[in-house]
1. Mind jotting down the distance between the C-alpha centroids of region B:67-101 and region A:39-60, whole Å?
2. Going through region A:353-398, which trypsin sites (Lys or Arg not before Pro) have at most 14 other Cβ atoms within 10 Å and a DSSP loop state?
3. Could you state the angle between the C-alpha long axis of helix A:368-382 and the longest principal axis of the C-alpha atoms of chain A, as a value from 0 to 90 degrees rounded to the nearest 10?
4. Span-like helices, chain B: DSSP H, alpha-carbon axial extent 30 Å or more, mean Kyte-Doolittle -1.0 or greater, which ones?
5. Obtain the nm distance between the two label points defined at A:Trp230 and A:Cys446 by a simple spin-label model: each point lies 7 Å from its Cα along the Cα-to-C-beta direction.
6. Report the charge-dipole magnitude of region B:5-102 in Debye, nearest 20, computed about the Cα centre from +1 at each Lys and Arg Cβ and -1 at each Asp and Glu Cβ.
7. To test your reading of the geometry: what angle, between 0 and 90 degrees and rounded to tens, separates the Cα axis of helix A:283-295 from the longest principal axis of chain A?
8. Only residues of region A:286-300 count here: report those whose backbone N is under 19 Å from the spot 7 Å along Cα→Cβ of A:Glu258, or say none.
Amino acid sequence: MERIVTTAIVGTGQIQLQEASTGTPVDALAAQLVGEQERKLLLTAGAWSIYRRAGYCARANIDGFNPVQALSGKDIGSRSHPGEKVHTPNPNESSEDALAPCSPRATHLLSMLLLQHQYKPLLPEALARMQQAQLRIPHALLPLVLTHSTQDKNARAPLLPVLGKRGQWLSRFNPAWFWVTDSLKDAEDLQLDTAKIIWQEGTSEQRRALFQRLRAAEPARARAWLMDVWPQEKATNKGNFLATLNINLSAEDEPFLEQALGDRSSSVRGTAAELLANITTSALSQRMRARAETLLNYTHGTLTVTPPHTLELAWQKDGIVVEPPKHVGERAFWLGQVLAKVPPQHWAQLFGVSPAQLIAAAKENEWEATLIAGWLHATTLYKQQEWAQALWERWLQQSSDTPPPFDTSLATQLLSMLPQQDIENAILQLTPNAAGWSPALTALPCAWSHQFGERYLQLLREYIRSSQAHSNQYYHWVQSVNLAAIALSPSNFDLALIPWELPASPAWYGKLCKEAITTLTTLIEMRKRIIEEIN
Amino acid sequence: MAPDASSVKAGQKLGLVKHWQNLGQSAEALWGECQGSALYQVRVDLSTLSIQCSCPSRKQPCKHGLGLLLLTANTPEAVPVSDPPEWIISWLAKRAAVSKRKETLKAKTNAEPSVSQTKTAEKRQAQVAAGIARLDLWLNDLVRNGLGNLASQPATFWEQQAKQMVDAQASGLAARIRRMAAIPNASPDWPERLLSHCGELALLTHSYQHIDQLAPALQEDVRQLVGWTRKEDEVLATGEQVKDTWIFLGQATEPIERGNAQRTWLLGTQSKRPALLLQFSIAGSSYPDHYPLGARQQLELAYWPGSAPQRALIATRHGSTTPQQTRLPGVSTFHAFLRDVTAILARQPWQERFLCTLCDAIPQYDAASNQWWLRDSEGLALPLTQGEHWLLLSLSGGHPIDFAGEWNGETLLPLGVLADGAYHVLLKEEEA
């Protein structure tokens, strides 16, 4: 620190030897000053400050490297001599793009989608259209769109193909955007050396992403890697990695899964048991089927259910949990777990009946709720469409039953297993009870058929015109509008934009309807613009 | 040009044809009627982009005006060229009359000052001189007792002294003292910074006391820095006028006592001279003018007098604005830029901000230290002001771009860049 600064900090009143040197030519100028010590010091400090500001030099060496340069092994600090142009290509540069930039109007449209909260749900559609048209995000919007997709994971997949070279390049500099590079890496260009380093030293999210890619590309190697680290992993990691084996699951995985079945953590055991059950040839699958056959019997149209009274140790070892949750009997709990691990088609073959017949036979049974729940889980696990259809039919009849054997969210899961046409038909069967079908809409893919959209709009108009505020269905209708705005087919747009007749009373209800319809029409008009301008 | 982010949103909503009727444009103006809670008449003077609307909103410009501009930009076919209706003709006529009145005023100021004006000026001279004498004693005390003691002083310690300078009609000195209040403990080298500030302040009071020994242009600088203002009319009448095609490079705002100060930087394409347009927003009021950032326009600017003229105002506008799409008339190395800074400081040592237009610049991010840099074609670098400069990096893509920024002696604040044949204004946060 220069003398003048130390003197100023302590104060001229405190220091005997009052020195105010700056170590610069300013000192010579200061020597000519006369008057009080304090004034002399201040004037010298002023001149020194301006002297330094005027003599400021740009830095030749920038601290540190950025990731790209660090990888390429080039030093940014090394510079050419003044006046000489740098000819070597900058390792920083992003290369030329094959995709075309979008028009100024499309750019403006995109910025509206990104900046205005209400339009954000339309972003995936706009991005998909850009991909179709072989366009890329304009450079000026890249930081905005990357930030948005970092928060909204649904917007990631449609963004990747339209990021362009510049976007991919940019994302390598911001740790928050590293997901771009991670998801762009193809399974083929998985570099085993670097992958091994990530596998050993990466964060758990990086490791999970890597393991998924590896398992998809080389199932056997992935299993071998996991077996290597297995003894040292934490239970949560074990569970996550083990669940990933679901990708490309085969009989070759059985020995390792059998080993995992003996793990200390119950959730790891559970995952292993589920995977083993999914390998139909596995010893566990066979054991489960044998057990299940002792529990169910079907003769002459009657279903006999004999849940176990005690839980054998061998069953527990195969992942059957002993302790039931509150309000569930242990016999029902055990029964349900076994049923969930038997492919549902096994019963139809064993007893020579259709799923519908079996479900109908369960109707009279005291264990019906458990049976349905078990079959439902098995249906989702083994992706059995025929059973999904049959269980769905059962769900439609449930209104007369008390208590209903299964709830709406499970029904939605069932629906989503059916082909779109069947789901649409199924939903239309539910009308006009909005409480019934509004949650079921989420089972539909986000592009409704023309016929379905037409019917939906017709029902919505009828409902709003009839002003059934008292029916308590408005909540479901309003909810459905948000989904419809995104999912309606473009061929339904004109129908949606025909002016709506809104109820005037009661006032709160009129306002609610008006808001919902405004949301619908605003989003539809925006989607119209997206289709017009992004092509 | 919107006053805040919510206005941008509201404006974008209104930028659809369905909200409008009687749309039209001519060479001078743009107009339309917007259906809000009532039917509002919206008009835009195309030479200045000033917007007037019959709505009661206090925001300037209001959402209707922004909506009309966005509509015209996005769907020009919706706004046909036509004869202006009566309400536009009369409005334009009124605006012309106002600017004429300003010119008459300008003529008046050229007249000799009256006796009473001379007396007021003399009285103020005395007040300022007394204030400065007190300030010098205070500065001496600071140094005598040691700057180290100032770390624990409350904000009132500085504010009190600043108020005294306001009372002495030396508002420039008051502003400097207020800036000093923020220095203690703000950085590891704060005593050195504070000493520099005190020193430059002492140099200023010293120069004011010996003002007769300075060159006339520097006398102007010193008087203005102390707080003697030049009225805009005076500048129009007596200031140096430069006619050029000027580029509106960008804007920066800074909080000041009771409001905000906005700096808009312009660069002359022929003269290569920088110009700074200053505007103030006090107690939430809006800025009087809106500038077409990123565009170029033929203007006649009048500079405030001084030895390194920087602050200016627009005297006359010629022609309309066009977007800036060609390369910036800047320097090619930091070496050249910093040499210019040195030359300016040699003429006006208190100059604090400098316009930096650098061609072939490359932004760079050092993640380890979270520091952004701007590198010139020789590989030398200056640090960028703390902030998120991802847009800058995205526009550059590692390729050289033409950069415009404001240098404060320590860091560069990005104002805008020309990349891929288009100029992009870089504004902080949501001011876009």
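1. 53
2. Numbers: sites: A:Lys363, A:Lys383, A:Arg394; in loops: A:Lys363, A:Lys383.
Answer by residue number: A:Lys363, A:Lys383.
3. 50
4. On the way: long enough: B:86-109 (35 Å, -0.51); B:115-145 (46 Å, -0.37).
Qualifying helices, which must be both long enough and hydrophobic enough, are B:86-109, B:115-145.
5. Result: 3.9 nm between the two label points.
6. Numbers: 12 positive and 6 negative charges, 118 e Å.
It works out to roughly 560 debye.
7. 40
8. A:286-291
Throughout, read-outs are computed from the coordinates displayed, never taken from laboratory work. Small disclaimer: the values here were computed from a predicted structure and weren't measured. Positions of Cβ are generated from backbone atoms using ideal geometry, with glycine treated the same way; all protein chains shown enter the neighbour counts.
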